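Quick notes on the structure that follows.
The values are calculated or read from the model by the stated rules, or taken from the named source; none is laboratory data. Remember, it's a predicted structure, so these values are computed and weren't measured experimentally. All Cβ positions, glycine included, derive from the backbone under ideal geometry; neighbour counts span all protein chains shown.
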Ligand code: M6R
């Protein structure tokens with residue numbers, strides 16, 4: 001949460017920073033701000049409540065010159081979202097400025113100490129405490145800015161990605177991280193820093209991923225890019241020979257910067273003609289799932305090869321139990337995996353919310369396999385959950401989308417989903433790719449253990465290969481879904497029902513609707529309805545029932561009848577050619593037939609579209625729903 005971006009070089013920094021903030025806005029959009037040092041050595045800070053566009057409007061008649069600057073888009077933690085609490089923050093003397101992503105947990109103690117020394121605070125933020133501490137250290141210990149940052153960070157408990165400017169040194173930018181991501185872009189006599197590579201990609205494909213407790217000093221004084229070459233691959237282990245970049249730890253141990261080649265294209269960050277990223281990402285799913293399976297699912301040879309599994313077969317074969325840990329949509333994917341792993345591999349599976357798991361003193365054994373699922377790879381609770389499991393000796397396997405993120409880095413092994421950047425805050429293509437990755441894993445374990453028949457394995461592998469085309473068929477009903485979505489904008493509440501593999505789909509459909517349309521929605525296992533939620537059914541209550549023709553289909557049909565008998569309005573997701581449900585439901589969306597374990601990959605698509613269209617008709621901000629951020633890097 002919170003996005004940070006910085007620039008030092010020869011160009012005017014402001015347009016680069018503003019464009020970068022727009023790219024990072026998915027991380028938070030409560031307020032935005034920018035700090036620039038102009039040619040006269042003035043350190044100007046401009047801030048505005050709300051989105052980056054508000055900042056642009058506010059700064060339009062201000063001095064936005066300067067070839068060094070830092071900028072921030074905020075998701076509020078300490079202090080309400082207003083201009084005072086917006087970043088950047090000045091130090092007491094207004095000589096330094098800071099931007100910060102993360103939480104300084106011991107800020108109250110540090111603040112009290114600084115107040116005793118006569119420091120005053122304008123904002124309620126933990127961040128202002130840090131910049132005051134840096135200035136206090138610099139002044140009282142007579143050290144340079146980098147040393148002051150190092151010494152201050154040694155006192156900090158918590159998570160941070162920070163960047164600091166000093167108006168007396170307009171040729172130097174200092175940045176550091178612990179627990180929050182930070183990437184440095186290396187250009188020709190210019191450098192960029194950002195929370196992720198999206199603000200950097202159009203300027204350079206050379207990046208350095210800063211590690212925890214590292215401090216990077218970027219300087220244009222005496223900078224030379226001679227001798228640098230990273231074409232085609234990582235320069236692992238080589239010095240950059242770039243005098244402009246120095247990396248140390250917070251304890252001042254020198255590190256060798258490792259430049260990597262960025263694998264990200266600009267087109268992946270644009271809407272490509274769609275009105276919203278969410279719709280683009282929903283429509284990308286046939287391709288993204290094909291990408292996720294490429295090189296792994298071999299339909300001709302009816303085989304799946306997952307290197308993260310192959311290299312660690314023994315850990316899976318010896319596992320007495322698999323624990324899956326994740327948050328939000330990723331947790332729903334984990335729940336689907338529980339059905340698949342127990343069915344195919346016959347290993348008991350527990351699915352845990354990371355936030356609960358990490359704090360409830362769980363029993364973790366050395367022969368447990370813990371699977372962490374995370375699109376961003378930075379979710380704080382999931383990261384902490386695997387840290388705990390790793391300390392107890394469990395084997396950590398992660399399913400992640402963002403390459404090089406903290407969760408895969410901490411894991412023993414894993415599988416990337418390869419769906420490209422997911423920018424809409426509501427997760428869509430990441431979810432289906434997680435389900436595919438987990439299904440592939442379940443099949444690999446089941447085959448290796450001999451707990452599933454060869455015939456069943458072949459059926460599922462072949463059916464998996466057909467999923468992208470089948471999703472195309474579902475997407476072709478977009479117009480019809482958009483039309484009937486208009487009928488439901490009156491609703492205050494929705495119920496979603498499903499059973500077996502499609503119970504997590506019901507949860508996911510409800511979450512999608514809640515987060516982007518602000519309509520309250522609950523997902524239930526269909527048979528649980530009788531135990532309470534049925535009391536809510538009335539003419540006013542739309543009920544979405546996920547009822548493909550498999551598993552407990554007949555029982556779900558009975559549930560639909562119970563809803564209709566109480567005048568509920570039913571939107572049903574059924575298998576092509578379904579006769580029974582079509583007769584009783586008010587609206588029916590058909591999905592092609594497939595293996596039961598793969599039905600979620602098809603049934604979830606209409607639910608994504610339904611939530612999207614209802615939100616659009618209601619005039620909601622689909623890509624950036626209120627109060628949310630894409631990547632939840634705080635507890
Ligand atoms: O990046 P992660 O997959 O770890 O994120 C987990 C949740 O924060 C995320 O799935 C969230 O629930 C989405 N906004 C749902 O659409």
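Couple of notes before you dig in:
- Any hit, region 316-324, residues being under 24 Å from residue 375 (Cβ atoms), buried (at least 21 other Cβ atoms within 10 Å of the Cβ) and within 14 Å of the ligand (Cβ to nearest atom): yes
- Matching residues, region 341-356, being within 13 Å of the ligand (Cβ to nearest atom) and either without any contact (Cβ under 8 Å) to a residue 12 or more places away in the chain or not in a helix (DSSP H, G or I) (or both): 353
- Close pairs (6 angstrom Cβ cut-off, 6 or more residues apart or separate chains): farther than 14 Å from residue 177 by Cα in region 248-263, at pLDDT 90 or above and part of a loop (DSSP other than H, G, I, E, B) anywhere: 261/205; 262/197; 262/205
- The number of residues in region 389-406 that are assigned to a loop (DSSP other than H, G, I, E, B), surrounded by 22 or more Cβ atoms within 10 Å (Cβ to Cβ) and within 15 Å of the ligand (Cβ to nearest atom) comes to 3.
- Failed item, numbered, when residue 386 is tested on (1) more than 24 Å from residue 268 (Cα to Cα); (2) more than 12 Å from the ligand (Cβ to nearest atom): (2)
- Residues being more than 22 Å from residue 435 (Cα to Cα) and outside any helix (DSSP H, G or I) - total across region 261-285: 12
- Among the candidates 614, 571, 560, the residue that is under 17 Å from residue 524 (Cβ atoms) and in contact (Cβ under 8 Å) with a residue 60 or more places away in the chain is uniquely 571.
- Among the criteria (1) in contact (Cβ under 8 Å) with a residue 60 or more places away in the chain; (2) in contact with a helix residue (DSSP H, G or I) (Cβ under 9 Å, 6 or more places away or on another chain), the one residue 27 does not fulfil is (2).
- Note on region 142-172: residues that are part of a helix (DSSP H, G or I) and touching a helix residue (DSSP H, G or I) at 6+ places or on another chain (Cβ under 7 Å) total 5.
- Checking each residue in region 540-571 for being part of a loop (DSSP other than H, G, I, E, B), in contact with a strand residue (DSSP E or B) (Cβ under 9 Å, 6 or more places away or on another chain) and more than 19 Å from residue 471 (Cα to Cα) picks out 540, 541, 568.
- Among (1) over 13 Å from the mean Cα position of the chain (by Cα); (2) part of a loop (DSSP other than H, G, I, E, B); (3) within 14 Å of the ligand (Cβ to nearest atom) - the single one residue 359 does not satisfy: (3)
- Output for region 407-418, where each listed residue is touching a residue at least 60 places away in the same chain (Cβ under 8 Å) and either within 12 Å of the ligand (Cβ to nearest atom) or under 23 Å from residue 2 (Cβ atoms) (or both): 417
- Any hit, region 314-329, residues being assigned to a loop (DSSP other than H, G, I, E, B), touching a helix residue (DSSP H, G or I) at 6+ places or on another chain (Cβ under 7 Å) and more than 16 Å from residue 413 (Cβ to Cβ): yes
- Highlighted here are the helices (runs of 4 or more DSSP H) found entirely within region 419-530 that include at least 2 residues which are away from the ligand (no atom under 16 Å from the Cβ): 429-449, 454-475, 478-485.
- Region 30-54 - residue that is outside any loop (DSSP other than H, G, I, E, B) and free of Cβ contacts under 8 Å to residues at least 40 places away in the same chain and, of those, surrounded by the most Cβ atoms within 10 Å (Cβ to Cβ): 36
- Residues in region 579-626 that are out of contact with any helix residue (DSSP H, G or I) (no Cβ under 9 Å at 6 or more places or on another chain) and either within 27 Å of residue 550 (Cβ to Cβ) or within 12 Å of the ligand (Cβ to nearest atom) (or both): 579, 582, 583.
- The residues of region 572-608 that are assigned to a helix (DSSP H, G or I), surrounded by fewer than 21 Cβ atoms within 10 Å (Cβ to Cβ) and touching a strand residue (DSSP E or B) at 6+ places or on another chain (Cβ under 9 Å), listed by number, are 580, 582, 584.
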